[in-house]
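Read through the structure below, which is laid out as structure tokens, and then see the notes.
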Amino acid sequence: MQFDQLLQYTLSGLSTGAIYALIGIGFSIIYNATGIINFAQGEFVMLGGMLTLLFLETLQLPLWAAIPCAIAASTVAGVLFERLAIRPLRKPTPINLVIITIGGSILIRGLAMLAWGKDTHALPPFSGDEPIAIAGATILPQHLWILAITLIIVSVNRFYFYHTISGKAMRACSYNRRAAGLVGIDVRRMVLFSFMISSAMGAVAGIIVAPLTMTAYDVGVMLGLKGFCAAIIGGMSSGLATVIGGLILGVLESLGAGLISSGYKDAIAFIILLLLLFIRPQGLFGKSESERV
Amino acid sequence: MNRDLLKFLAFATMILAAPLAFQGGYLMNVLVFVGIHTMLAIGLNLLLGYAGQISLGHAGFFGLGAYLSGILTTSYAWNPWLALPLSALIVGGVAFLIGFPILKLKGHYLAMATLGLGIIIYIVFNETVELTGGPSGLSGIPNLSIGTFTFDTDVKNYYLIWAVTLGIILLALNLANSRVGRALRAVHDSEVAARVVGVNARLLKVQIFALSAVISSVAGSLYAHTMTFVAPASFGFNFSIELLTMVVIGGLGSIYGSFLGAALLTLLPEFLRAAHDYDIIIYGSLLMVMVMFMPGGLVRGIPDLFKKIFKGRGGADHA
Amino acid sequence: MLEVSGITQIFGGVTALEDVSFRINKGDITGVIGPNGAGKTTLFNIITGIYTQTAGRVTLNDKDVSGLPPEKLARLKMVRTFQNIELFGGMTVLENVMVGLHTRSSSGLLACSLRMPWNRIEEKRIRQEALKWLEFTGITDLADVIAGNLPFGKGRMLEIARALAVEPTIILMDEPAAGLNSQETLGLARLIQQIRALGITVVLVEHDMELVMDICDRIVVLNLGRKLAEGTPREIQENQEVIAAYLGEE
């Protein structure tokens, strides 16, 4: 096991990990604002990539225009999802919420399959595909894009949640919804915002990774689950902890695939997920909660 | 109590007489699957509808039963009638052990954990090629037979499968109205109150989880011997969702509802043959619509609907 | 019969209970009172195994039961009712009480699914005994009503019937009079005395002073997580510190 091989796995793992982190933050934002785990989160990731393709090829827009349009369209999808699936729910028990978000994810996936078929599609990389050498390992420019954009988004997130009124209002909702409502915060609007932000972030994640891994109608399932795993590692934080969670997951997965077996690559994430849920469900960084009866 | 028995006998009669009405043909094959799916749906319903615990990985137990029976009877030339109960025992044991840590989780976390479990099992099926044949599957699984009588036609398999399914329906009905069934429903309604009067909620949940897994395993073994061929694709996440849809549509907590849901979701694709690719959209829409408008499933929703429609006419309609 | 010694409970940075100790005598009706936030329900939750205390011990009949979960305590014949009644809303009133007989029956998964003969006999017995308890609390006519549809007062009675079905030696009631009108409260007082007449020790957390002073043999007063006083109703009524604690709060 040579150093440069190790480095290679680690670097590509960091880049996939960044994607998981973005998706995981999306899960956390909705969960913190509403208590709901949005099983459909992965589908917004898928929509990001697929919609970019739509704007790029069908509508012949240049890449720098297609991307914002795709993000906007995904956000609209997020709004529709919240309005049509979540809000009208009469009995929001955990089982019903799980079923509805699963149903929604299947529906979105099915519509995507109808629209674009089952083939995989490639998105052009943002700035070419000349490999860059770093200490014996090679990475592609797209990897740098991923890391850079993730950094930017996480920073913007932090700024939003800690330094703007609206962001602070959302945090208030996550700590105590009733109290937030009582001090005049429009909780329902916060719920909507959380879906909008999460679907936008998910779409971005899908767009920046698509040039590397191709995109298809069903990429959302696995990506969503792994993003969820990152969120669990991070204790459902919408900030640094989940980022670290995603990176850890990405690197472990990459190392596992490279050193042990690539067929079991996907299993690694789920084994980690199960172990965490069994042993430390509050994540590596969360504090255990005591329940008040 | 007698009313329930009559209902069951009427149902059993309908099931046993069905082949006479359909006289063999392609539909018989589908009806065999309705039987298998009903078994699976009931197993899941005991866990989800009665005990209130979500599982999105039940296809995994189904697959384990199928593969265990398949491997034992092909690579090791075991007698299928021995392989079936052994597989069920193994799957039940695994479920029992895993049940303890997994059922400590609730709601979304439990859903994700069972999802993860199901996917891990699916990946194992795909990757352990020497044992399972990998993605191309395992073939040459023998039909079940008693002496010289072999279950090798759709009609024979229909009766075999439905004999078992009817037995399971009876067991489930008995369970529902018993001490254990009440304890289960109590845990579902208020776990803390159940514990306060002495119900060991944790153990009970694990027991039902294991029972549910055993039923799924038996269904899997029977499936393997009926099809003589199994492949991982039948045991993935999509099928787990299909099972969930069957239970939800039929009605959580209703045994006959599970039959209804299973029948609907097995027969519907046959009638929408051309729309094969649309099935995933239909499942998604059905799930959402049911949860939004008929949370009690068809078994409760349809009678309620009738009552609403006929109420306006001032009629005392006994729906 | 029941002894609490040195119970301390700390949640995060808040000390909910500090070094609380007292003894409950067998056959007594004991009231636990105190201003809001005194820690009464927390204490109850600790005694009945729902919380685990930070320090201290709970002893039942000289057996250390600290940290035992509720289901084990039920087998040791200690049972409780809840402030916000916890009914099995999807089941009938009768079925609710039948669940109360869980520890007094034994058919397992196999026996139940196969309807073994001893299971059938046991079912009949469970039904009959459950009906007895419905009669005791005066709700026999509601036997087939779905518990979730009951008016609050009847729901209280159901919860008590269900608890009694365990045939406990000690029952702890968390604010049983909460939400009851004065007539229902009188009925409750009578019921509690009938429960004691069966030989069951009763411990109540209550805010309704009239009820407490009326039926309790002994009273324990908590304030701000500490035991303030202990004694007969008259002693408590004349206790200056207790009066100050209540008046000071108003």
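None of the figures in this text is laboratory data; all of them are computed from the coordinates on show. Every value quoted in this text rests on a predicted model; they were computed, and no experiment measured them. Cβ placement follows ideal geometry from the backbone for every residue including glycine, while neighbour counts extend to all protein chains displayed.
Only helical runs count toward this figure. For the protein assembly as shown, summing -39,500 (n - 2.57) over DSSP H runs of n ≥ 4 and dividing by all residues gives -20500 deg cm²/dmol at 222 nm. Along the axis of the charge dipole computed for region B:110-268 (Cβ charges of +1 for Lys and Arg, -1 for Asp and Glu, origin at the Cα centre), the listed residues B:212, B:142, B:159 are led at the positive end by B:212. Give me the number: length gained by fully extending residue B:81 to residue B:22, i.e. 0.36 nm times residue separation minus the C-alpha to C-alpha distance, one decimal in nm. So the chain would gain 18.3 nm between residue B:81 and residue B:22. In summary, the lysines within cross-link reach of residue C:154, defined as a Cα separation below 21 angstrom excluding same-chain residues under 8 places away, comprise C:132.
Geometric descriptor of region A:16-155, per residue, is 136 Å³ (volume of the convex hull of the Cα atoms).
Rounded to 0.05, the FRET efficiency of the residue A:259 and residue A:133 pair, given R0 = 30 Å and the Cβ-Cβ distance, is 0.85.
Taken along the Cα-to-beta-carbon direction at a fixed 7 Å, the label points for residue C:118 and residue C:224 span 5.8 nm. Counting charges near residue A:162 (Lys, Arg +1; Asp, Glu -1) among other residues having Cβ under 15 Å from its Cβ returns a value of +3. Per residue, the convex hull spanned by the Cα atoms of chain A measures out at 142 cubic angstrom. The mean sequence distance of close C-alpha pairs (under 8 Å, at least 6 residues apart), as a share of the length of chain B, puts its relative contact order at 31 percent. The value of relative contact order for chain A, using C-alpha pairs under 8 Å at least six residues apart, is 38 percent. Going by the alpha-carbon gyration tensor, a ≥ b ≥ c the square roots of its eigenvalues, is region B:164-319 rounded (a/c under 1.5) or, if a/c is not under 1.5, prolate (a/b greater than b/c) versus oblate? Taking the square roots of the gyration eigenvalues as a ≥ b ≥ c, region B:164-319 is oblate.
What FRET efficiency comes out for residue C:36 versus residue B:310 if R0 is 51 angstrom and r is the Cβ-Cβ distance? Round to the nearest 0.05. The value I calculate is 0.45.
At the listed q of 0.08, 0.10, 0.14 Å⁻¹, the Debye profile of chain B, built from one uniform point per Cα, gives log10 I(q)/I(0) equal to -0.37, -0.58, -1.14. On the beta carbon distance between residue C:214 and residue B:104, with R0 = 41 Å, the FRET formula returns roughly 0.40.
Sites counted here are trypsin sites (Lys or Arg not before Pro) in a DSSP loop (not H, G, I, E or B) having no more than 13 other Cβ atoms within 10 Å; the longest part of chain A that contains none of them is A:119-286. Legend: mean number of C-beta atoms from other chains within 10 angstrom of residue C-beta atoms, peptide B:115-122, equals 6. For region A:85-233, the residue among A:112, A:194, A:179 whose Cα projects farthest onto the positive side of the dipole built from Cβ charges is A:179. Convex hull volume of the C-alpha atoms in the protein assembly as shown, normalised per residue: 206 Å³. Only Cα pairs under 8 Å and 6+ residues apart enter the sum, and on that basis the relative contact order of region C:86-167 stands at 53 percent.
Modelled spin labels at residue A:59 and residue A:275, positioned 7 Å past Cα toward Cβ, are 4.5 nm from each other. For chain C, how big is Rg over Rh, using alpha carbon atoms and the Kirkwood form of Rh? So for chain C, dividing Rg by the Kirkwood Rh gives 0.99. Take each residue of peptide C:104-110, count the partner chain Cβ atoms within 10 Å of its Cβ, and average: the result is 4. Placing +1 on the Cβ of every Lys and Arg and -1 on the Cβ of every Asp and Glu, with no other charges, gives region B:2-237 a dipole of roughly 860 debye about its Cα centre. How charged is the neighbourhood of residue A:257? Take every other residue with its Cβ under 11 Å from the Cβ of residue A:257, and add Lys/Arg as +1 and Asp/Glu as -1. For residues surrounding residue A:257, the net value is -1. Put a dot 7 Å past each Cα toward the Cβ at residue B:278 and residue A:175; how far apart are the dots in nm? Those two pseudo-labels are separated by 5.1 nm. Applying the criteria of a DSSP loop state and at most 13 other Cβ atoms within 10 Å to the GluC sites (Glu not before Pro) of region A:203-293 yields A:289, A:291. Along the axis of the charge dipole computed for chain A (Cβ charges of +1 for Lys and Arg, -1 for Asp and Glu, origin at the Cα centre), the listed residues A:135, A:274, A:160 are led at the positive end by A:160.
Taking every full run of DSSP H in chain A, the ones that stretch at least 20 Å from end to end by Cα along their long axis and average 0.5 or higher on the Kyte-Doolittle scale are A:3-34, A:63-81, A:94-116, A:141-163, A:187-213, A:219-233, A:240-259, A:265-279. Using only side-chain charges placed at the Cβ, +1 for Lys and Arg and -1 for Asp and Glu, the dipole size of the protein assembly as shown relative to its Cα centre rounds to 1080 debye.
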